[in-house]
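Notes follow once the structure below has been shown.
The values are calculated or read from the model by the stated rules, or taken from the named source; none is laboratory data. Fair warning: this is a prediction, and the values are worked out from it, not measured in the lab. Using ideal geometry, Cβ is built from the backbone for each residue, glycine included, and neighbour counts are taken over all protein chains shown. Ligands, DNA and RNA are stripped out before the accessible areas are found, and what is left, the full protein with its side chains, is counted by its heavy atoms. Shrake-Rupley method; radii C 1.70, N 1.55, O 1.52, S 1.80 Å.
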Amino acid sequence: MPIPAFIREQPAALDRCMAAMQRFADTWTPRAFDGIALVGTGSSFNALTVARRRFVAARRGPVSLHQPDDFIAELADAAANPLVIVLSQSGASTTSLAAARAAVGVGLPTLAITAAANSLLAQAGAEVLHMPVGPEPVGPKTKGFLGSMAMLLQTAELIGAPAMQPMTGATLAPLIEPARLAAEALVPSLSAVDQIIVAGRSANHGVALEATLKITEMAGIATSALPTEELLHGRLHGLTERSVALIIADGDRERLEARRARDVMAKRGCRIEVVERSSALSSALWPGESLPASPWNALGLILPFQWLGVLLAEARGLKPEAMRHGSLAPELAIKTDAEP
């Protein structure tokens, strides 16, 4: 199945995930913990970055975010007893599996979240939260990422984050086609692009990480994702007249910061676009007023970037599902099976 079909399936996948969270909430009582360790890589790490602030809002101790190998390396020196949440959409990441096993092995309360109920991660000895997004046998995950964000945001609420207005597929569905049209309008101006930077603060940095991953995986374009503050400290010197930087700006302070950067670099022949509620560019790039207030905004905000990856690939004569170098996972030994 092509990636556009998976993008369009996301509202239905979201509803399944929200229903699964309701069932999970009725049965899950985590053991005592005094902090939270979020563990994952790739799209899973990006989703964890989006959700981190929600876990902070639960006020259950320090919240740390780790790549799996780093988590394992630091585990022997950890003094706390955190709730370890390991996310792997495929359930096949070798290092995420190792991290879950390591956490279980030292007796830490551990929750594994995966879309693959029969995966090795689901058999690692942790409590398991199944993410019912359905099959997605391609490397560049879309509905898996959106489902991950939804499950994480709701998990944070289960352990104390303030309750949010519920999110439904019916709310998300009207954003799918406007997001495609917004991306389609942007593609012609990127025909000669040499790099794409996406920046954002807090949860929007997680969106930026995922946005650039999708563009690189599908279209083979060099990208980078940065916290906005990091972008402003020296990284703008890497822009050329063929580059574009997209700064996601939420709130007056962020808008002022992003617009200043845009104006400064425009004097030097470099392009920065500000993705904000009130800008012409973001009239469809931003998820719109129909979406519940942040952090649910992230679910709508990723949509145009998913489409941008697809459309940039097609404009370059590439098949987005194939990726430029094909599936590298077996040769890189980053999966426990033949997952892309």
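Values computed for the structure shown
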item: Sequence-distant lysines (8 or more away, or on other chains) whose Cα lies within less than 26 Å of LYS335; result: LYS141, LYS143, LYS214, LYS319
item: Anisotropy class of region 68-167 from Cα gyration tensor, a/c 1.5 cut; result: oblate
item: Residues with amide H under 5 Å from that of GLU127, placed H, sequence gap 5 or more; result: THR110, ALA112
item: Estimated [θ] at 222 nm from DSSP helical runs (n ≥ 4, -39500 (n - 2.57)) normalised by residues in the chain, nearest 500; result: -13000 deg cm²/dmol
item: Kyte-Doolittle mean at least -1.0, axial Cα span of 15 Å or more - DSSP H helices of the chain; result: 10-27, 43-57, 94-105, 143-158, 176-186, 203-219, 303-315
item: Computed label-point distance, nm, for sites THR27 and ARG259 using a 7 Å Cα→Cβ extension; result: 5.2 nm
item: Shape of region 2-44, Cα gyration tensor, a/c cut at 1.5; result: oblate
item: Spacing of the two label points (7 Å from each Cα toward its C-beta) at ALA192 and ALA5, in nm; result: 3.8 nm
item: Cα extents of region 3-149 along the three principal axes, largest first (Å); result: 46, 30, 26
item: Carbon + sulfur, % of accessible area of the chain - ligands and nucleic acids excluded, 1.4 Å; result: 54 percent
item: Cα-centred dipole magnitude for the chain, charges only on beta-carbon of K, R (+1) and D, E (-1), debye, nearest 20; result: 460 debye
item: Interchain or long-range residues, amide H under 5 Å from LEU246's placed H; result: ILE197, VAL198, ALA199, GLU273
item: Candidates ALA163, ALA47, ALA99, ranked by Gaussian network fluctuation over the chain, Cα under 10 Å, top entry; result: ALA163
item: Length gained when the stretch GLN123-LEU158 is fully extended (0.36 nm per residue, less Cα-Cα span); result: 10.3 nm
item: Sites ARG316 and GLU241 - FRET efficiency at Förster radius 25 Å, r taken between beta-carbons, to 0.05; result: 0.80
item: Cα shape, region 172-239, gyration tensor, a/c 1.5 rule; result: oblate
item: Semi-axis lengths, Å, the chain, gyration tensor of Cα atoms, sqrt of 5 times eigenvalues; result: 32, 22, 20
item: Centre separation in Å (Cα based) which lies between region 143-199 and region 51-114; result: 24 Å
item: Percent antiparallel among DSSP beta bridges (both partners in region 59-166, rounded to 5); result: 0 percent
item: Cβ charges +1 (Lys, Arg) and -1 (Asp, Glu), total dipole of region 207-278, debye; result: 340 debye
item: Mean separation of Cα contacts under 8 Å (6+ apart) over length of the chain, as relative contact order %; result: 20 percent
item: Considering only the chain, percent of DSSP beta bridges that pair antiparallel, nearest 5; result: 5 percent
item: Mean accessible surface per residue for region 62-191, computed with a 1.4 Å probe while every protein chain stays in place, in Å²; result: 37 Å²
